1. From the list ARG76, ARG117, ARG34, ARG4, which residue is charged (D, E, K, R) and modelled with pLDDT of 90 or more?
2. Would you mind stating whether SER61 is surrounded by 13 or more Cβ atoms within 10 Å (Cβ to Cβ), of a type outside the set (Lys, Arg) and touching a Leu at 6+ places or on another chain (Cβ under 8 Å)?
3. Which members of the stretch 28-83 meet the condition of being of a type in the set (Asp, Glu) and in contact with a helix residue (DSSP H, G or I) (Cβ under 6 Å, 6 or more places away or on another chain)?
4. When you look at ASP134, is it within 15 Å of the chain's Cα centre (by Cα), at pLDDT below 85 and outside the structural domain of GLY62 (by TED's automatic domain parsing), yes or no?
5. Identify the residue in the stretch 78-112 that is assigned to a helix (DSSP H, G or I) and in contact (Cβ under 8 Å) with a residue 40 or more places away in the chain and, among all such residues, is nearest to SER152 (Cα to Cα).
6. Filtering the stretch 59-77 down to residues that are touching a residue at least 40 places away in the same chain (Cβ under 8 Å) and not in a loop (DSSP other than H, G, I, E, B), which residue is nearest to TRP14 (Cα to Cα)?
7. Based on this model, can you work out whether ASP42 counts as in a loop (DSSP other than H, G, I, E, B), farther than 25 Å from SER111 by Cα and within 17 Å of the chain's Cα centre (by Cα)?
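The values are calculated or read from the model by the stated rules, or taken from the named source; none is laboratory data. For clarity, every value in this text was computed on a predicted model and none was experimentally measured. No Cβ is skipped: glycine too gets one built from the backbone with ideal geometry, and neighbour counts run over all protein chains shown.
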Amino acid sequence: MRGRPFSFVVHGLWPQYERGFPDYCQRPAPRLDRNIMTSMLDLMPAPGLIFSEWDKHGTCSGLSPRAYFETIRKARAAVKIPADFLELSAPKMIAPTEVEDAFIKANPGLSNSAVIRDLRSAALERSADLHEQDLQFRSCEEIDRRACRRDSVVMPPVRGG
């Protein structure tokens, strides 16, 4: 299989209240420059996701499009992917709690309530909610309560791996 290698991807970055978050703060949203969108394809797997995240959350950030996506890049750089998950060449059956524990071990300051388990198409997606002011890990009890409760999931191989 050819294409960009994805193991863990960025879904987005948004201002987070203690309960909920703002969205679609500017309608219509200022158009995102295509060059900014293409510059993010190494972290976010689809143009539609990048445009959507700008429209829904970027417009609430108070940042310019370039600064918003630079902040996403900095936030992603702050999260260390555990070595066991970097270059999967075959599907791996794993308990979501094992993935969570591996991320916590690899990222000092990260706690269970700052890691969100979400199942999509039988794949495990990991997110760390980062406080946007200083990009430090932050608890998010509201979302953690909705975490995946399955005993095991299949972590797909890295595309192109």
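1. Selected residue: ARG34, the only one of ARG76, ARG117, ARG34, ARG4 that is charged (D, E, K, R) and modelled with pLDDT of 90 or more.
2. For SER61, the condition - surrounded by 13 or more Cβ atoms within 10 Å (Cβ to Cβ), of a type outside the set (Lys, Arg) and touching a Leu at 6+ places or on another chain (Cβ under 8 Å) - is met.
3. Once the filter is applied, which keeps residues that are of a type in the set (Asp, Glu) and in contact with a helix residue (DSSP H, G or I) (Cβ under 6 Å, 6 or more places away or on another chain), the stretch 28-83 yields nothing.
4. No, not satisfied.
5. The extreme case among them is PRO96.
6. So, considering only residues that are touching a residue at least 40 places away in the same chain (Cβ under 8 Å) and not in a loop (DSSP other than H, G, I, E, B), the one nearest to TRP14 (Cα to Cα) is CYS60.
7. yes
Table: residues versus (1) under 14 Å from the mean Cα position of the chain (by Cα); (2) surrounded by 12 or more Cβ atoms within 10 Å (Cβ to Cβ).
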position: LEU49; (1), (2): yes, yes
position: GLU53; (1), (2): yes, yes
position: LYS56; (1), (2): no, yes
position: ARG76; (1), (2): yes, yes
position: LYS92; (1), (2): no, yes
position: ALA95; (1), (2): no, yes
position: LYS105; (1), (2): no, no
